[in-house]
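Comments concern the structure below.
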Amino acid sequence: MKTEKKLIGAGLLTAIASSLCCITPILAIVAGSSGIASTFSWLEPFRPYFIGMTVLVLGFAWYQKLKPQKQIDCNCETNQKQNFMQTKSFLGSITVISVLLLSFPSYAHIFVPKTKITAIVTSTSKIQKVEFTIKGMTCSGCEHHVKTEISKLKGIVEVIVSYEKGNAIVKFDNKQTSIEQIEKAINSTGYKSLKSKIIS
């Protein structure tokens, strides 16, 4: 049953590979090491292929497990206990883990701590709204990571980050922080702030 083990291992590996680009930013936020977040973002374009491979490999493993076995006519004892790694329960566990990994981007936001913005705006404050173009974000985990880092700065009033648009719109008090400081916070995540445009 070496083939079966290889199939199960390959299915799990491709499931992990397909979610690595989305899991890393969450781990970076939790660990407080923001620079590693974009390490696996290069895998994002290959995600559909990893998902396809996972489905094919696990589908074939289930086919192998469920197809009728040839009966051998002999008087030998066949009551040998199966190794757990050769059971349907083990294959079922791997399948569940793989599905959880494949669908991780859809529930990644659950693991991100809520960011509280506590800007003190006074009558002398000069509120500015700037759009930053960001390269490298691939999922909602990336969005939350960038938002978390920007929100740590003083004078931030509002942060809206979109990985789909590849941008962050930041409203801030320019007496307390600057465009350069916000760009530095974005770059500290491992993603790149390419350009900024003042909206108002």
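Every number here is computed from the coordinates shown, using simple stated rules; none is lab data. All values reported here derive from a predicted model rather than from experimental measurement. Cβ sites come from the backbone with ideal geometry, for glycine too, and all protein chains shown count toward neighbours.
Computed quantities for the displayed model
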read-out	value
Distance (nanometres) between label positions extended 7 Å along Cα→Cβ at residue 135 and residue 175	3.7 nm
Long pairs among 154/192; 126/192; 6/135, criterion Cα-Cα beyond 32 Å	6/135
Built amide H within the under 5 Å cut-off of residue 157, gap 5+	171, 172, 173
